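Asker: My questions all concern the structure below.
All of the numbers you see were taken from the coordinates with simple rules; none came from a lab. Since the model is a prediction, treat every value here as computed from it, not as a measurement. Please note: Cβ atoms are built from the backbone with ideal geometry, for glycine as well, and neighbour counts cover all protein chains shown.
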Amino acid sequence: MAYKHLLVAVDLTEESPHVIQQACELANLYQAKVSLINILEPVSLAFGGDIPMDLSTLQQEQLQNARERLDFYIADYPSLTSEHCYLCYGQPRQEIHRIAQENGCDLIVVGSHGRHGLALLLGSTTKDLLQNAPCDILAIALHQKDKND
Ligand code: AMP
């Protein structure tokens, strides 16, 4: 089966370039398009509703950092373009499935783990993505030293 459009989901950790690299190599084999996505967890969720503080500056910074990181990847990998790069707020599974469906992606590529933010509390994004997946999911194995964590 030849995949036509890959969606690479990255959590912007230091492991993301490896996931992107693997996805781009696969895309080259299939001559497929590659889209990139990152989902931001709303800052208000991370801090809870109890702390009376203005979170808009933090949210702006979070957004800007994520944009810069994604731009950096786009500059590094010729298969990526800003036109096919998505930065969304919400729940990773819902948003990644939605963007995959809306754009006719036939393979979602993720790392085997990410370990940041709410994922620490809520469990594995990769496992979560398998539920009602709109297309195939490929999990790229990450560092050996972390496998038994
Ligand atoms: P996790 O299961 O949460 O440890 O993360 C596994 C993989 O899911 C990561 O390596 C990423 O490929 C993807 N992922 C996790 N969180 C996000 C996110 N916020 N946005 C996009 N992809 C994510």
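Asker: Net charge within 15 Å of ILE96 by Cβ-Cβ distance, Lys/Arg positive one each and Asp/Glu negative one each, not counting ILE96 itself?
Answerer: Charge balance in the 15 Å sphere: -4.
Asker: Same structure again: Give me the net charge for the shell around VAL43: Cβ to Cβ below 11 angstrom, other residues only, Lys and Arg +1, Asp and Glu -1.
Answerer: Here the charged neighbours net out to -3.
Asker: At what distance in nm do the modelled label points of GLN64 and GLU83 sit from each other, each positioned 7 Å from its Cα along Cα→Cβ?
Answerer: 2.9
Asker: All other residues with a Cβ under 11 Å from the Cβ of GLN21 taken together, and with Lys, Arg as +1 and Asp, Glu as -1, what is their net charge?
Answerer: Counting the neighbours of GLN21, the net charge comes to -3.
Asker: Moving to a separate point now. Along Cα→Cβ, 7 Å out, is where each label goes; now give me the distance between the ones at MET1 and ALA141 in nm to one decimal.
Answerer: Calculated label separation equals 2.2 nm.
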